[in-house]
Amino acid sequence: VQLQASGGGLVQAGGSLTLSCTVSGSTSNIAVMAWYRQAPGEERELVAGVFEGIGTSYADSVKGRFTISRDDNIAYLQMHNLRPEDTALYYCVTETRSPQRYYWGRGTQVTVSS
């Protein structure tokens, strides 16, 4: 299983970006697709996830601004009204059902200027 993320960049506060993550290999075995982020000096945190049979979940800090969606083996993270505190390296993650394993993609940088 491989993950390829794209869509990061530099944007002014209040702007928007959309990240995408394409999963290749064993795509019918995907149970979860999610986005994490890690800012310098901070711990990695879950931003949003699409959980099979459950739905979506968001960190409180992004609710109402970010939307995660999944189209088969591609996950999208639409980010609106971006804030400087959203600046981080964003990672795409997928969990497979059987065997249950987690796969991480390389991060894509999101930088929000004030």
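Yes or no, residue by residue, for (1) out of contact with any strand residue (DSSP E or B) (no Cβ under 9 Å at 6 or more places or on another chain); (2) surrounded by 15 or more Cβ atoms within 10 Å (Cβ to Cβ); (3) assigned to a strand (DSSP E or B):
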{"site": "23", "(1), (2), (3)": "no, yes, yes"}
{"site": "33", "(1), (2), (3)": "no, yes, yes"}
{"site": "50", "(1), (2), (3)": "no, yes, yes"}
{"site": "56", "(1), (2), (3)": "no, no, yes"}
{"site": "64", "(1), (2), (3)": "no, no, no"}
{"site": "91", "(1), (2), (3)": "no, yes, yes"}
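With the requirement that a residue be touching a strand residue (DSSP E or B) at 6+ places or on another chain (Cβ under 6 Å) and outside any loop (DSSP other than H, G, I, E, B), what does segment 66-82 give you?
Once the filter is applied, which keeps residues that are touching a strand residue (DSSP E or B) at 6+ places or on another chain (Cβ under 6 Å) and outside any loop (DSSP other than H, G, I, E, B), segment 66-82 yields 66, 67, 68, 69, 70, 74, 75, 76, 77, 78, 79.
Looking at residue 46, is it assigned to a strand (DSSP E or B), touching a residue at least 40 places away in the same chain (Cβ under 8 Å) and either over 18 Å from residue 107 (Cα atoms) or among the aliphatic types (A, V, I, L, M) (or both)?
Considered against the rule, which asks whether it is assigned to a strand (DSSP E or B), touching a residue at least 40 places away in the same chain (Cβ under 8 Å) and either over 18 Å from residue 107 (Cα atoms) or among the aliphatic types (A, V, I, L, M) (or both), residue 46 comes out as no.
Search segment 1-21 for residues being assigned to a strand (DSSP E or B) and open to solvent by 40 Å² or more (accessible area, probe 1.4 Å), and hand back the single one that is farthest from residue 67 (Cα to Cα).
Looking at the filtered set, the residue picked out is 2.
The values are calculated or read from the model by the stated rules, or taken from the named source; none is laboratory data. On a predicted model such as this, the values are computed, not experimentally measured, just so you know. Heads up, the Cβs are rebuilt from the backbone with ideal geometry, glycines too, and the neighbour counts pull from every protein chain shown. Only protein heavy atoms, including side chains, enter the accessible area calculation; ligands, DNA and RNA are left aside. Shrake-Rupley method; radii C 1.70, N 1.55, O 1.52, S 1.80 Å.
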